[in-house]
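A.B. asks: Quick one: the structure is below, and I'll ask about it shortly.
The values are calculated or read from the model by the stated rules, or taken from the named source; none is laboratory data. In this text the structure is predicted, and so the values were computed from the model without any measurement. Please note: Cβ atoms are built from the backbone with ideal geometry, for glycine as well, and neighbour counts cover all protein chains shown. SASA here: full protein model, heavy atoms, side chains in, ligands and nucleic acids out. Shrake-Rupley method; radii C 1.70, N 1.55, O 1.52, S 1.80 Å.
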Amino acid sequence: EPEVEYSNPDFESALICLGGEGEVTLNGDSYSLGPYDTLFVPPGNEGTIQQTGGNVDLVECTAPSDATGRPVYVAFDELNEDPELTQDLGFEGCHRKIHRLIDENVPARRLLCGLIFSEEGNWTSWAPHEHAATKEEIYLYFEMPPPSFGIQLVYEDIEKPEYLGPVYNNDAVVIKKGYHPNVAIPGHSINFVW
């Protein structure tokens with residue numbers, strides 16, 4: 001639909017644009033979003049989301065919250081130039097670029113959101129690490145058109161993984177606990193919202 005109603009009565013949200021262009025209007029204020037732009041929305045906002053110039057692909061990330069405040073627009077072009085929020089990490093075989101869309105730059109209570117783009121055929125979330133004591137994660141894979149795919153692992157004991165399998169464009173994997181490395185096939189990258 002070209003326009004939809006939007007509200008977040010009791011949760012904070014991040015609206016991340018993965019493609020196209022759109023306009024979010026909340027309580028009379030309008031925000032234009034293009035690829036990778038993000039809008040942090042504290043609880044209690046309502047309005048509309050409208051596509052402009054074709055389709056818009058928005059990801060909504062949410063967490064319960066009792067915070068108040070005004071939405072915060074995060075322009076990807078500016079964030080991409082910020083060394084605190086955009087970093088090249090890893091070493092040969094596990095190089096990736098991380099963009100911290102929702103972090104110290106907004107007054108979120110519980111949400112942390114970002115994008116990761118790997119180098120072709122590289123691992124991400126490497127060296128294997130886990131942070132079950134502080135957060136759960138969902139990985140949503142994007143910009144991986146066929147024949148691209150990756151392999152995702154989720155495990156506490158590598159001999160008995162909770163998940164070990166292929167991931168394709170638009171797949172999502174829930175990571176409640178454990179180590180969670182993934183790898184792109186040769187000649188392609190693995191990219192995901194976290």
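A.B. asks: Considering each residue of region 71-84, count those that are open to solvent by 90 Å² or more (accessible area, probe 1.4 Å) and touching a residue at least 40 places away in the same chain (Cβ under 8 Å), and give that number. Write out each step before concluding.
C.D. replies: Just the residues of region 71-84 that are open to solvent by 90 Å² or more (accessible area, probe 1.4 Å), to begin with: 73, 77-78, 81, 83-84.
If we keep only those that are touching a residue at least 40 places away in the same chain (Cβ under 8 Å) too, we end up with 73.
Looking only at that region, the number is 1.
A.B. asks: Could you pull out the residue among Ala132, Ala108, Ala127 that is buried (at least 16 other Cβ atoms within 10 Å of the Cβ) and not hydroxyl-bearing (Ser, Thr, Tyr)?
C.D. replies: Values: Ala132 fails: buried (at least 16 other Cβ atoms within 10 Å of the Cβ); Ala127 fails: buried (at least 16 other Cβ atoms within 10 Å of the Cβ).
Ala108 is the lone residue from the list that is buried (at least 16 other Cβ atoms within 10 Å of the Cβ) and not hydroxyl-bearing (Ser, Thr, Tyr).
A.B. asks: Working only within region 8-45, note down all residues that are surrounded by fewer than 14 Cβ atoms within 10 Å (Cβ to Cβ) and within 16 Å of Cys61 (Cβ to Cβ).
C.D. replies: Restricting attention to region 8-45, the residues satisfying the condition of being surrounded by fewer than 14 Cβ atoms within 10 Å (Cβ to Cβ) are 9-10, 27-30.
Scanning region 8-45 gives a single hit, Asp10.
A.B. asks: Step by step: first the residues of region 179-194, then only those that are open to solvent by 10 Å² or more (accessible area, probe 1.4 Å) and outside any loop (DSSP other than H, G, I, E, B), then the one that is nearest to Leu112 (Cα to Cα). Which residue is that?
C.D. replies: In the first step, residues of region 179-194 are kept if they are open to solvent by 10 Å² or more (accessible area, probe 1.4 Å); the result is 179, 183, 185-189, 194.
Subset that is outside any loop (DSSP other than H, G, I, E, B): 179, 183.
Working: Tyr179: 18, Val183: 22 Å.
Among residues in region 179-194 that are open to solvent by 10 Å² or more (accessible area, probe 1.4 Å) and outside any loop (DSSP other than H, G, I, E, B), the one nearest to Leu112 (Cα to Cα) is Tyr179.
A.B. asks: Looking only at region 100-111, which residues are in a loop (DSSP other than H, G, I, E, B), within 18 Å of Asp82 (Cα to Cα) and in contact with a strand residue (DSSP E or B) (Cβ under 6 Å, 6 or more places away or on another chain)? Even if it seems obvious, please write down each step before you answer.
C.D. replies: Filtering region 100-111 down to residues in a loop (DSSP other than H, G, I, E, B) leaves 103-111.
Next cut, within 18 Å of Asp82 (Cα to Cα) only: 103-107.
Selection gives Val106 alone.
A.B. asks: Is it fair to say Leu89 is under 28 Å from Trp123 (Cα atoms), surrounded by 18 or more Cβ atoms within 10 Å (Cβ to Cβ) and either of a type outside the set (Ser, Thr, Tyr) or modelled with pLDDT under 95 (or both)?
C.D. replies: Details: under 28 Å from Trp123 (Cα atoms): yes; surrounded by 18 or more Cβ atoms within 10 Å (Cβ to Cβ): no; either of a type outside the set (Ser, Thr, Tyr) or modelled with pLDDT under 95 (or both): yes.
Criteria not met by Leu89.
Conditions tested, residue by residue: (1) hydrophobic (A, V, I, L, M, F, W, C); (2) within 24 Å of Pro64 (Cβ to Cβ); (3) surrounded by fewer than 17 Cβ atoms within 10 Å (Cβ to Cβ).
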{"residue": "Cys94", "(1), (2), (3)": "yes, no, no"}
{"residue": "Leu112", "(1), (2), (3)": "yes, yes, no"}
{"residue": "Ile116", "(1), (2), (3)": "yes, no, no"}
{"residue": "Trp123", "(1), (2), (3)": "yes, no, no"}
{"residue": "Tyr139", "(1), (2), (3)": "no, yes, no"}
